[in-house]
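Right, one structure below, let's go through it.
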Amino acid sequence: MGVRIRATGTSRSTDTHSIVEHSGRAARNCLEQAGIRPDQVGVLINTGIFRDSNTVEPAVAAMIQKAAGIGLDYGKNDPRTFSFDLMNGATGVVNAVQVAGAILATGTEHVLIVAGDTHPSLTRSRADAEFPYATAGAALLLEHVEGAEGFGPVHTVTAPGTPAGQAYVDTATMGTVGRSLMTVEREPDFEDRVLAVAAEAGRAALVEAPDARVALIASTPSAHFPKRLADALGLDQNAVRTPDLTDGDPHTAALPLAYARATEDASLDGFTHILFVGAGAGPSAAATLYRLPEEHLA
């Protein structure tokens, strides 16, 4: 028994910078790809961190649920969809996969994971030196299956010391424009420290299938980070699959965007597994090995 990805959805258009709208579009696209109704989604988990106008309340997951048109009927016997935010930075999608596995084990039909970030000012979508994250939304629809395919155990690693990177609203200087500002700081050795925990988590996951043909999908704090991680894990550079990084790091959406891109161009054919590694500030990392369906194994 396992949990597999049934469908994906993405949103990267430039007509809006709202992550609520992008995530809602990605969710709708995901359900269309799967051919299921909104009422078949039992739980929606939002893993995005940087949100429209630094929204604190209500939960952004509820706003995305509304934008996606999921669970908007409130009749006595109508099916209900529960949604919540799971905020753990770049590791959030992998953490949500672990939570989704427990939810699906109870009999819930589908769990929808959405991810994505935007600059709180809603005025730009490209990363820059001050805010290194691109605006994009992505979604993964998960379901329970009886076969061997799907996600394995999630392995998490954290390192002691300072967080290596942090983002915050500077209340001492924000004045009346705090809803449109975010301060992001990275220590000089940020990437090296994140790489160390990512490699440790990845090695723990790889032990489960030592003879597997593994593709690597990892966080993208820099464009070359996934290939550095592949070297550290002893994986071939040609096994690395990344999202479109034209606008910079899509942060929480990096893993589902990379998976969607790889499935669209059929570049996973011949692999037996995907190693998903989320890694970022903390420094912290979470990794899981995903066994691909039979059609990819030829």
Practice item. Count neighbours as other Cβ atoms within 10 Å of each site's Cβ, and list the chymotrypsin sites (Phe, Trp or Tyr not before Pro) in segment 33-123 that are DSSP loop with at most 11 such neighbours. Key: TYR74
Point to revise | √(5λ) per eigenvalue of the Cα gyration tensor, segment 1-130, largest first, Å | key: 25, 16, 14
Revision key, fill the gap. With R₀ set to 41 angstrom, the calculated FRET efficiency between the beta-carbons of GLU208 and ARG126, to the nearest 0.05, is 0.60
Practice item. Distance between Cα centroids, segment 40-111 to segment 226-263: provide it in whole Å. Key: 25 Å
Check your understanding: How large, in Å, is segment 197-296 by the Kirkwood hydrodynamic radius built from its alpha-carbon pairs?
Key -> 13.3 Å
Review point. Dividing the alpha-carbon Rg of the chain by 2.2 N^0.38 Å yields what?
Key: 0.96
Point to revise | Helical mean residue ellipticity (222 nm; -39500 (n - 2.57) per DSSP H run of 4+; nearest 500) of the chain | key: -8000 deg cm²/dmol
Revision key, fill the gap. Given GluC sites (Glu not before Pro), DSSP loops and at most 11 other Cβ atoms within 10 Å, the longest exposed-site-free stretch of the chain is 147-298
Point to revise | Linear extension gain, LEU72 paired with TYR168, 0.36 nm per residue minus alpha-carbon span | key: 31.3 nm
Exercise for review: Given the peptides 35-44, 271-280, arrange them by the average over their residues of other C-beta atoms within 10 Å, most packed first.
Suggested key: 271-280, 35-44
**Study point:** Charge dipole (debye, nearest 20) of the chain; +1 at Cβ of Lys and Arg, -1 at Cβ of Asp and Glu
**Key:** 340 debye
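Values quoted throughout were computed directly from the atomic coordinates according to the rules given, and no laboratory measurement underlies them. Everything numeric in this text was worked out from a predicted model, so none of it was measured. Here the Cβ is made from the backbone with ideal geometry for all residues, glycine too, and neighbour counts use every protein chain on show.
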